[in-house]
1. Using a 1.4 angstrom probe on heavy atoms only, work out the carbon and sulfur share of the accessible area of the stretch 1-111 in %.
2. Taking only protein heavy atoms into account and a 1.4 Å probe, give the accessible area per residue of the chain in Å².
3. Quick one: which residues, 5 or more positions from VAL48 or on another chain, have an amide H under 5 Å from its amide H? H modelled 1.01 Å from N in the peptide plane, none for Pro or chain starts.
4. Take each of the peptides 59-65, 69-75, average the number of other beta-carbon atoms within 10 Å over its residues, and list them starting from the highest.
5. Got a sec to turn the phi values of the stretch 112-124 into Karplus ³J(HN,Hα) couplings, 6.51 cos²θ - 1.76 cosθ + 1.60 with θ = phi - 60°, whole Hz, x for Gly and Pro?
6. Could you count how many Lys pairs in the chain have their Cα atoms under 23 Å apart, skipping same-chain pairs fewer than 8 positions apart?
Amino acid sequence: QVQLVESGGGSVQAGGSLRLSCVASGITISTYCMGWFRQAPGKEREGVTFIGRDGSTRYEDSVQGRFTISKEDAKNILYLQMNSLKPEDTAMYYCAATLSPWCLWAPVGQYKHWGQGTQVTVSS
């Protein structure tokens, strides 16, 4: 019954921008801490950025200043604005939800709900 559906991925040139969306159903995102993760072929899934129930945010160093996480609680939608994209940003991007009290610092294993992913490819 819980479903997270990402969209907005695609292929862009280095320096370009993409806006990803994650539409949630079966959960109310205002009651969760939400995160964006990514996974490139042969690599471990890594956290990218996170947003708390109160709108507080945290970013991994590699995307700080380039990516912005946000949400519209009334629409139950999570967003990821990605600017100044680099080839190393190429990955499958996933949104996820957790009720962990650690919120922005919750370990990946505490994310209980995941989307199917959307592919982002950045060419040089």
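The values are calculated or read from the model by the stated rules, or taken from the named source; none is laboratory data. Owing to the predicted nature of the structure, the values given are computational and were not obtained by experimental measurement. FYI the Cβ positions are ideal-geometry reconstructions off the backbone, even for glycines, and counts take in every protein chain you see. Note: areas computed on protein heavy atoms with side chains; ligands, DNA, RNA excluded. Shrake-Rupley method; radii C 1.70, N 1.55, O 1.52, S 1.80 Å.
1. Values: 2660 of 5430 Å².
Answer for the stretch 1-111 is 49 percent, counting heavy atoms of protein chains only.
2. 50 Å²
3. Under 5 Å from the amide H of VAL48: TRP36, PHE37, ARG38.
4. On the way: 59-65: 12.9, 69-75: 14.4.
Highest mean packing first, the order is 69-75, 59-65.
5. Per residue, the Karplus-derived 3J(HN,Hα) values read 9, 10, 9, x, 7, x, 9, 7, 10, 10, 10, 9, 8 Hz.
6. Values: LYS43/LYS86; LYS43/LYS112; LYS71/LYS112; LYS75/LYS112.
So the count of such lysine pairs works out to 4.
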